[in-house]
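All remarks here apply to the structure that follows.
The values are calculated or read from the model by the stated rules, or taken from the named source; none is laboratory data. Keep in mind that what you see is a predicted model, and the values were worked out from it rather than measured. Neighbour counts are summed over all protein chains in view; Cβ atoms, including those assigned to glycine, are modelled from backbone coordinates with ideal geometry.
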Amino acid sequence: MKPYRDIMAALAKTDPIMAEVIKKVKEDIHPTPSIDVYYYLLHSIVSQQLSTKVADVIWKRFLDLFPDQYPDERELLLKEDWELRDIGLSHAKLNYMKNVADFSLTEGMLFDKLDEMDDQEIIKYLTQIKGVGQWTVQMILMFPMDRPNVFPIDDLGIQTKMKKYYALDQDKKELRIKMIEISENWAPYKTMASKLLWKAQ
């Protein structure tokens, strides 16, 4: 993939509004690749619907339950529910995390296996796990896997920023149609455009 600065230059050239968005970004955007999709997925579940501060505290408590602070799948499945509840996980989240561990053991989610699939195949594959939705898998594609052309259309932050910068007043289905139309101008760099929108002031 091209260096991030080259991708931003390409986006600015093809979309004048995105050029303005780029000027509103006050911090550098760097790749954050990781081959440990399992670990990232567990962290994503912990973070759902929590402030960053609270999520960080619970995640640290979670890691402290394991030798070397790594939540090995088999060890996670052996944890009693009360142990996970005691560190602040909801009943639903601890079940989702155990579902991830079970899927990792039985079906596999090693980076090399996933990297052979296209984006839609990965979404279809990982959303088989109860508690893992499309948005969560899109975050995996965009961050640890650093796939270049992902557009998380259902993300509230993306919707809010696109309404602001592209002066959109549509709602629901009409908003989605307009967002998709705009995002086509960003291909094949929809991931970077989305990251810029998140970071823009």
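Tell me, yes or no, whether segment 27-35 has at least one residue that is charged (D, E, K, R) and at pLDDT 95 or above. Checking segment 27-35: not a single residue is charged (D, E, K, R) and at pLDDT 95 or above.
Quick one: is Lys2 of a type outside the set (A, V, I, L, M) and in a helix (DSSP H, G or I)? Taking the combined requirement at face value, the residue does not satisfy it. Annotation: of all residues in segment 9-23 being surrounded by 14 or more Cβ atoms within 10 Å (Cβ to Cβ) and touching a strand residue (DSSP E or B) at 6+ places or on another chain (Cβ under 9 Å), the one that is nearest to Tyr166 (Cα to Cα) is Val21. Among the numbered conditions (1) surrounded by 18 or more Cβ atoms within 10 Å (Cβ to Cβ); (2) in the same structural domain as Ser44 (by TED's automatic domain parsing), the only one that Trp186 does not meet is (2).
Of the numbered criteria (1) at pLDDT below 95; (2) in a loop (DSSP other than H, G, I, E, B), the one Asp68 fails is (2).
Answer yes or no as to whether Val21 is at negative phi, under 20 Å from the mean Cα position of the chain (by Cα) and at pLDDT 95 or above. Judged against the criteria, Val21 is not a match. Only residues that are out of contact with any helix residue (DSSP H, G or I) (no Cβ under 6 Å at 6 or more places or on another chain), under 19 Å from Leu41 (Cα atoms) and among the hydrophobic types (A, V, I, L, M, F, W, C) were counted across segment 141-172, and they come to 2. Of the residues making up segment 130-160, those that are small (Gly, Ala, Ser) and surrounded by fewer than 17 Cβ atoms within 10 Å (Cβ to Cβ) are Gly133, Gly157.
It is to be established whether one or more residues within segment 41-50 are hydrophobic (A, V, I, L, M, F, W, C) and over 19 Å from the mean Cα position of the chain (by Cα).
no
For segment 136-149, the set of residues classified as outside any loop (DSSP other than H, G, I, E, B) and in contact with a Pro (Cβ under 6 Å, 6 or more places away or on another chain) consists of Gln138 only. Of everything listed in (1) more than 23 Å from Ile58 (Cα to Cα); (2) in contact with a helix residue (DSSP H, G or I) (Cβ under 6 Å, 6 or more places away or on another chain), the single unmet condition for Gln120 is (2). Does at least one position in segment 161-178 carry a residue that is crowded, with 17+ Cβ neighbours inside 10 Å, within 20 Å of Ile29 (Cα to Cα) and out of contact with any Asp or Glu (no Cβ under 9 Å at 6 or more places or on another chain)? So far as segment 161-178 goes, yes, one or more of its residues are crowded, with 17+ Cβ neighbours inside 10 Å, within 20 Å of Ile29 (Cα to Cα) and out of contact with any Asp or Glu (no Cβ under 9 Å at 6 or more places or on another chain). Based on this model, can you work out whether Leu65 counts as more than 25 Å from Gln128 (Cβ to Cβ), in the same structural domain as Ile123 (by TED's automatic domain parsing) and either loosely packed, with under 13 Cβ neighbours inside 10 Å or free of Cβ contacts under 8 Å to residues at least 24 places away in the same chain (or both)? So Leu65 fits the description; yes.
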